[in-house]
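Peer 1: Okay, handing you the structure first.
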Amino acid sequence: MSLTPATKRALNSLVEEHMTSVIRDSITMQRHTKRPRRTLHSSSVNLALACLQRSTASVTNTPLVSKQTNNNVDLNSLLSCEIPIPPPVEIGLTLHWLAVDGVQPTSLLNPQEEQMKSVRDRRETLDDESRDSSSIALRQLLPRLVSDELQLYFSRITHALSSHPEAAISRLANDSGIQELVPFFTRFITRTIHQNMNNSEQCRLIVQCIDALIRNRNIHLELHLDQLLPSILTCIVAKRIGSVGDNHWLLRDEASQVLVRTCALFGEKYGNLRGKVIQTLCKALELQGEGDELGRWYGGIVGLTMFGRSAVESFVLPLLEIWVTWETALKVSDGEILFGLERCQDAFLFAMSVYFKGMNSLESSKLLDYEKISEVFGNQVIPLLQLNASSDYATCFV
């Protein structure tokens, strides 16, 4: 049969297009199955999916280009021997009943009773282990699951905190698209505060980072408050922060402001958040306010004062007797302890000023016991009374 030149060209282009499609699909199959090289099996699967005639191939690593041999095969010997390689399985669907009227029929396609029993035993074992608190396993953070750009962002920010802290904190407060890095920043904050308790300046920097993350409206921190709040409270009521001479008082002030801002932001979603935080601050005031406990007392008083007048009235005013103890200790103390006592007195006076703020003379006469306050504070509390000068008159006898 002779073909015209036009027919030959059309047939040639059709065969070339068909072969190109088969090779392209086999490459795709090779990539999806993660095979080191293309085989005739990949081409056969592609042809079967395309509803075309399959090539003769089995599940082997036979190269795509193979040499065909015409050897005679004895069928009797083939039937009597074991086939080392299973024949290829056709693609198809099979229907069977999973359950009939709520009862699973006994079928080879359904799980057998022995398998179901082993599954139930394994499930009961897992339930028993889950009840044991010691068997709780935490998932580790995997940086490889984060994109390369976010990994570079995290490394740049953490390194910039030591060289250009203001720029790094500004980026944390304004950048968007960093939600995936929040667990990594949380772990970095927790570890840094734990490792730098003897460096108050480094802790101040980390507290500013927490404040920046809280002020960032593009990220959500609800799932990480259980790790951020203990870090903030540690910077407020820790027994000792920094070395001798460090200004840990400023760290406690800034951490208290961040704590109140956090409670104000997430207090509506978590109704018991404010109560638990105040409870932690009150525990710091249960210890004796002398010696090494002065920093903890200062942080507790400042933290409670930041929550407003009601917190001061409920938790700070009942501690007026500690002022007399501090006045006695001032006469026999010197050095760092003397300075700590003075700072605690300043915090107490600041709490009293918050309590007196906005109170007129009528309210103050009903709520305050001036005789008791004058016995404790003397004339130091007079400048804190903010009376309305246009309608109220007060006479102070000193």
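Peer 1: Based on what the data block shows, is Pro88 modelled with pLDDT under 75 and over 46 Å from the mean Cα position of the chain (by Cα)?
Peer 2: Here the answer is yes, as Pro88 does meet what is asked.
Peer 1: Something else now. If I ask for residues that are surrounded by fewer than 18 Cβ atoms within 10 Å (Cβ to Cβ) and assigned to a helix (DSSP H, G or I), which ones from region 302-318 would you list?
Peer 2: Arg309, Ser310, Glu313, Ser314, Leu317, Pro318
Peer 1: Which condition number does Gly299 fail, the rest of (1) open to solvent by less than 30 Å² (accessible area, probe 1.4 Å); (2) of a type outside the set (A, V, I, L, M, F, W, C); (3) without any contact (Cβ under 8 Å) to a residue 24 or more places away in the chain being met?
Peer 2: (3)
Peer 1: Moving on to the next point. Residues that are hydrophobic (A, V, I, L, M, F, W, C) and not in a helix (DSSP H, G or I): does region 247-268 have at least one?
Peer 2: Scanning region 247-268, I find no residue that is hydrophobic (A, V, I, L, M, F, W, C) and not in a helix (DSSP H, G or I), so the answer is no.
Peer 1: When you check Glu129 against the structure, is it outside any loop (DSSP other than H, G, I, E, B), modelled with pLDDT of 55 or more, out of contact with any His (no Cβ under 6 Å at 6 or more places or on another chain) and among the charged types (D, E, K, R), yes or no?
Peer 2: Answer is yes for this residue.
Peer 1: Within region 179-192, identify whether any single residue is farther than 22 Å from Val146 by Cα and touching a helix residue (DSSP H, G or I) at 6+ places or on another chain (Cβ under 7 Å), and answer yes or no.
Peer 2: no
Peer 1: Then there is this: Here is a check on your reading of the model: is Cys282 closer than 30 Å to Ser176 by Cβ, of a type in the set (A, V, I, L, M, F, W, C) and not in a loop (DSSP other than H, G, I, E, B)?
Peer 2: no
Peer 1: Determine which single condition Gly358 fails, assuming it passes every other condition in (1) open to solvent by 30 Å² or more (accessible area, probe 1.4 Å); (2) in a helix (DSSP H, G or I); (3) modelled with pLDDT under 85; (4) not hydrophobic (A, V, I, L, M, F, W, C).
Peer 2: Unmet for Gly358, out of (1) open to solvent by 30 Å² or more (accessible area, probe 1.4 Å); (2) in a helix (DSSP H, G or I); (3) modelled with pLDDT under 85; (4) not hydrophobic (A, V, I, L, M, F, W, C): (2).
Peer 1: Here's another thing I want to ask about it. Going through Asn71, Asn76, Asn61 one at a time, which residue ends up being open to solvent by 100 Å² or more (accessible area, probe 1.4 Å), at pLDDT 65 or above, polar (S, T, N, Q) and within 30 Å of Arg37 (Cβ to Cβ)?
Peer 2: Asn71
The values are calculated or read from the model by the stated rules, or taken from the named source; none is laboratory data. Nothing here was measured: the structure is a model prediction, and the numbers come from that model. In this analysis, Cβ positions are derived from the backbone assuming ideal geometry, glycine residues included, and neighbour counts consider all displayed protein chains. Protein only, heavy atoms only, side chains kept; ligands, DNA and RNA dropped before computing areas. Shrake-Rupley method; radii C 1.70, N 1.55, O 1.52, S 1.80 Å.
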